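Trainee: The structure's right below; bear with me while I get my questions together.
The values are calculated or read from the model by the stated rules, or taken from the named source; none is laboratory data. Being a predicted model, the structure only gives us computed values, none of them experimental. Cβ placement follows ideal geometry from the backbone for every residue including glycine, while neighbour counts extend to all protein chains displayed.
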Amino acid sequence: MTGPGEAASKVLQVGALLPSLHQRLRDHYDVVLLDDQDEDYLDGHGAEFTAIATRAAVGVGKELIDRLPRLRVITSFGVGYDTIDVAAAAARGVKVSNTPDVLNDCVADLAVGGLIDVMRRMTDADRYVRRGEWRKAAYPLATKVSGKRVGVLGLGRIGRAIARRLEGFDIEIAYHSRRPVDDVPYVYVDSVDGLAAWSDALVVAASGGEGTRGLVSASTLEALGPAGHLVNIARGSVVDEPALVDALVNRRIAGAALDVFADEPDVPAGLLPLGNVLLLPHIASATHETREAMGDLVFRNLQRFLADGTLITPVEA
């Protein structure tokens with residue numbers, strides 16, 4: 001059933017969405033998929049839209065915001081909002097929401113799984129068996145996970161969830177964030193390179209965007225060293241990707257588990273043949289349960305905003 005005021009709300013959908021969310025939006029609102037329209041469609045219809053529904057991989061830029069003079073809210077499927085021009089939205093008084101918390105567990109699970117995989121070389125060992133090489137020789141020794149030092153870069157909601165899981169492996173944990181966090185038992189390190197130098201493995205859980213672009217630099221990887229491992233479940237932009245490829249190819253770090261890349265879905269060709277790298281297609285939140293929870297939160301954010309002008313999970317400019 002359409003609620004009070006909902007029929008008058010026209011929603012512009014930017015990019016494909018989860019099928020259940022796609023249908024739910026259409027059951028309640030007048031929705032237009034931008035991808036299906038001509039380039040000049042918004043010239044004649046831009047003033048009709050009060051809301052945008054999009055996903056983090058697509059986002060909303062200033063140019064699109066400027067073409068929608070009655071826009072009031074942008075609801076995004078995903079925790080990251082670096083692809084949304086939040087400053088341009090704020091300047092227009094447009095509110096923005098994302099989907100935090102509901103994906104913390106799955107992202108943290110994958111980060112820990114990736115760390116174990118790359119340190120114990122599980123995926124590479126699987127390929128070793130499939131190639132029939134076990135018949136010729138035993139698989140080489142890998143690296144113990146339990147008891148190691150792991151640095152978490154970005155101790156937000158997801159970073160904390162990762163750290164809690166790592167505690168179960170008797171791992172010593174330190175972190176670097178924009179500022180120290182008061183209510184955690186972990187050691188704060190005041191620089192990224194300092195954290196890398198301390199760590200046996202570095203897990204990247206920082207937000208994307210211009211403020212963190214290349215935060216993990218060539219010097220960070222040098223500090224991590226030839227026995228160190230890197231896990232990135234944040235954004236590809238947070239790591240200097242050419243420097244990472246160079247460090248992995250030339251064994252200046254021991255290995256990496258990567259769920260994100262700088263130019264997805266393109267993966268640097270130099271990484272493809274490497275047995276010490278786990279390459280994943282941005283699947284950290286990709287479970288049925290989590291994606292449905294994310295879709296539900298997008299819908300509830302939109303529903304609440306159109307009812308009373310507030311959001312459940314607002315993004316601050």
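Trainee: Consider the range 198-214. How many of its residues are in a helix (DSSP H, G or I) and surrounded by fewer than 18 Cβ atoms within 10 Å (Cβ to Cβ)?
Mentor: Of the residues in the range 198-214, 2 are in a helix (DSSP H, G or I) and surrounded by fewer than 18 Cβ atoms within 10 Å (Cβ to Cβ).
Matching residues to (1) assigned to a strand (DSSP E or B); (2) within 18 Å of residue 204 (Cα to Cα); (3) at pLDDT 95 or above; (4) under 23 Å from the mean Cα position of the chain (by Cα):
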{"position": "219", "(1), (2), (3), (4)": "no, yes, yes, no"}
{"position": "223", "(1), (2), (3), (4)": "no, yes, yes, no"}
{"position": "244", "(1), (2), (3), (4)": "no, yes, yes, yes"}
{"position": "248", "(1), (2), (3), (4)": "no, yes, yes, yes"}
{"position": "261", "(1), (2), (3), (4)": "no, yes, yes, yes"}
{"position": "282", "(1), (2), (3), (4)": "no, yes, yes, yes"}
{"position": "293", "(1), (2), (3), (4)": "no, no, yes, yes"}
{"position": "301", "(1), (2), (3), (4)": "no, no, yes, yes"}
{"position": "304", "(1), (2), (3), (4)": "no, no, yes, no"}
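Trainee: Do we find that residue 96 is surrounded by fewer than 22 Cβ atoms within 10 Å (Cβ to Cβ), part of a strand (DSSP E or B) and in contact with a helix residue (DSSP H, G or I) (Cβ under 8 Å, 6 or more places away or on another chain) in this structure?
Mentor: no
Trainee: Tell me which residues, restricted to the range 141-164, are assigned to a loop (DSSP other than H, G, I, E, B) and either of a type outside the set (A, V, I, L, M) or closer than 14 Å to residue 231 by Cα (or both).
Mentor: Within the range 141-164, 143, 144, 145, 146, 147, 148, 154, 156 meet the criteria.
Trainee: Turning to a different aspect of this structure: Output the residue which, of all residues in the range 60-74 that are more than 13 Å from residue 302 (Cβ to Cβ) and of a type outside the set (A, V, I, L, M), is surrounded by the most Cβ atoms within 10 Å (Cβ to Cβ).
Mentor: For the range 60-74, the residue satisfying everything is 67.
Trainee: Test residue 144 against the criterion of being assigned by TED's automatic domain parsing to the domain that holds residue 129, exposed (fewer than 13 other Cβ atoms within 10 Å of the Cβ) and over 20 Å from residue 79 (Cβ atoms), and give yes or no.
Mentor: Spelling it out, residue 144 is indeed assigned by TED's automatic domain parsing to the domain that holds residue 129, exposed (fewer than 13 other Cβ atoms within 10 Å of the Cβ) and over 20 Å from residue 79 (Cβ atoms).
Trainee: Tell me the residue from 129, 107 that is part of a helix (DSSP H, G or I) and surrounded by 21 or more Cβ atoms within 10 Å (Cβ to Cβ), please.
Mentor: Matching residue, one of 129, 107: 107.
Trainee: Check residue 84 against each of (1) more than 30 Å from residue 228 (Cβ to Cβ); (2) surrounded by fewer than 21 Cβ atoms within 10 Å (Cβ to Cβ); (3) within 23 Å of the chain's Cα centre (by Cα) and name the one condition it does not meet.
Mentor: That leaves (2) as the condition not met.
Trainee: Considering only residues that are of a type in the set (Lys, Arg) and either touching a residue at least 40 places away in the same chain (Cβ under 8 Å) or part of a strand (DSSP E or B) (or both), which ones fall in the range 165-191?
Mentor: The one that is of a type in the set (Lys, Arg) and either touching a residue at least 40 places away in the same chain (Cβ under 8 Å) or part of a strand (DSSP E or B) (or both): 165.
Trainee: Checking residue 93 against (1) on the phi < 0 side of the Ramachandran plot; (2) without any contact (Cβ under 8 Å) to a residue 24 or more places away in the chain: exactly one of these is not met. Which one?
Mentor: (1)
Trainee: Shifting gears a bit: Considering every residue within the range 47-59, establish whether at least one is surrounded by fewer than 16 Cβ atoms within 10 Å (Cβ to Cβ) and touching a residue at least 24 places away in the same chain (Cβ under 8 Å).
Mentor: Yes, the range 47-59 contains at least one residue that is surrounded by fewer than 16 Cβ atoms within 10 Å (Cβ to Cβ) and touching a residue at least 24 places away in the same chain (Cβ under 8 Å).
Yes/no per residue for (1) over 20 Å from residue 257 (Cα atoms); (2) acidic (Asp, Glu); (3) under 24 Å from the mean Cα position of the chain (by Cα):
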{"position": "136", "(1), (2), (3)": "yes, no, no"}
{"position": "142", "(1), (2), (3)": "no, no, no"}
{"position": "152", "(1), (2), (3)": "no, no, yes"}
{"position": "157", "(1), (2), (3)": "yes, no, yes"}
{"position": "165", "(1), (2), (3)": "no, no, yes"}
{"position": "177", "(1), (2), (3)": "yes, no, yes"}
{"position": "182", "(1), (2), (3)": "yes, yes, no"}
{"position": "200", "(1), (2), (3)": "no, yes, yes"}
{"position": "204", "(1), (2), (3)": "no, no, yes"}
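Trainee: Residue under question is residue 269, and the condition is that it be farther than 16 Å from residue 152 by Cα, within 16 Å of the chain's Cα centre (by Cα), of a type outside the set (Val, Ile, Thr) and in the same structural domain as residue 117 (by TED's automatic domain parsing); does it hold?
Mentor: Spelling it out, it is not the case that residue 269 is farther than 16 Å from residue 152 by Cα, within 16 Å of the chain's Cα centre (by Cα), of a type outside the set (Val, Ile, Thr) and in the same structural domain as residue 117 (by TED's automatic domain parsing).
Trainee: Taking the range 271-308, which residues are under 23 Å from residue 238 (Cα atoms) and surrounded by 15 or more Cβ atoms within 10 Å (Cβ to Cβ)?
Mentor: Those that are under 23 Å from residue 238 (Cα atoms) and surrounded by 15 or more Cβ atoms within 10 Å (Cβ to Cβ): 271, 274, 276, 277, 278, 279, 280, 282, 284, 285, 286.
Trainee: Check off (1) under 20 Å from residue 149 (Cβ atoms); (2) at pLDDT below 95 for residue 276 and give me the number that stays unchecked.
Mentor: Condition (2) is where residue 276 drops out.
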